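The values are calculated or read from the model by the stated rules, or taken from the named source; none is laboratory data. Remember, it's a predicted structure, so these values are computed and weren't measured experimentally. Cβ placement follows ideal geometry from the backbone for every residue including glycine, while neighbour counts extend to all protein chains displayed. The protein model used for the area step is the full one, side chains on, heavy atoms only, and it has no ligands, DNA or RNA in it. Shrake-Rupley method; radii C 1.70, N 1.55, O 1.52, S 1.80 Å.
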Amino acid sequence: MELYRRVVDVMLAKGIYRKPPRVNPPSEIDFIDSQNYLTGWFGHHRPLSVVEISGLSYNMVKVIIKVVLEIGFAQVCQSKDVQKYFLKGKELCEKQFSILSSILSKDDLASPSSWVSEITSSTTPPYSDKLMLNHIVILVAAAIGYFGAGASVSQRRDLSVEYTRLMGQVGLYAEDGAELLIKHGWLEQPPLADDRQKLIKKK
């Protein structure tokens, strides 16, 4: 936590830290008195809550970081099929960022800025293709959990549906990554439970 605070302080000092969208604090406590609070598919829907804004903003920052990593990794990796996978992920993340951004913009809220311009022009690989691909596949798996967390705190039905759709897209992309790791012999199998049926048949 101390390291995180120091990083944020440096980013604030350099003017590169983008704060989440700001809302005006309420003057009094409000209680929900209608199920219309949950709607969001048809017609007019209520503005986003601060919890929903936080979830959208956090997931957008995560998506931006992944775009930057995938462009940088595609720029330096040696394997063409791994490069193709990174570029596919970049396109997917850009589409997802656009979807999340449009949700915020409908409520006149700002989106996090992109850091793509910060990528250097180097084509010298600092890491192996194996390490870079494993890193992206792990991030992709984590992204499903973050989208799930965003969905769990969203009380507008349209947001839950959108998060579910995004999770499905990411899940398919993660599966492609696992298949690529297996193809290159880079996916280590974790310890498995004993196969009781197989042990019984040995007797």
Residues being in contact with a helix residue (DSSP H, G or I) (Cβ under 8 Å, 6 or more places away or on another chain) and polar (S, T, N, Q) - total across the stretch 77-112:
6
Out of (1) open to solvent by 30 Å² or more (accessible area, probe 1.4 Å); (2) closer than 23 Å to Leu56 by Cβ; (3) in a helix (DSSP H, G or I), what's the single condition that is false for Asp108?
(3)
Neighbours by Cβ (under 7 Å, 6+ apart or cross-chain): first from the stretch 119-132, free of Cβ contacts under 8 Å to residues at least 60 places away in the same chain and part of a loop (DSSP other than H, G, I, E, B); second open to solvent by less than 90 Å² (accessible area, probe 1.4 Å) and among the aromatic types (Phe, Trp, Tyr)
none
Residue count, the stretch 1-30, condition in a loop (DSSP other than H, G, I, E, B), surrounded by 10 or more Cβ atoms within 10 Å (Cβ to Cβ) and not charged (D, E, K, R), comes to 5
Could you count how many residues in the stretch 31-81 are open to solvent by 70 Å² or more (accessible area, probe 1.4 Å), part of a loop (DSSP other than H, G, I, E, B) and modelled with pLDDT of 80 or more?
2
Hey, any hits in the stretch 134-153 for a residue that's open to solvent by 60 Å² or more (accessible area, probe 1.4 Å), not hydrophobic (A, V, I, L, M, F, W, C) and not in a helix (DSSP H, G or I)?
no
Just the residues that are closer than 27 Å to Ala149 by Cα and of a type in the set (Lys, Arg), please, taken from the stretch 162-203.
Arg165
When you go through (1) open to solvent by 30 Å² or more (accessible area, probe 1.4 Å); (2) over 26 Å from Pro21 (Cα atoms) one by one for Leu181, which number turns out not to apply?
(1)
By residue number, the members of the stretch 154-175 that are open to solvent by less than 50 Å² (accessible area, probe 1.4 Å) and of a type outside the set (A, V, I, L, M, F, W, C) are Ser154, Arg156, Asp158, Ser160, Glu162, Tyr163, Gly168, Gly171, Tyr173
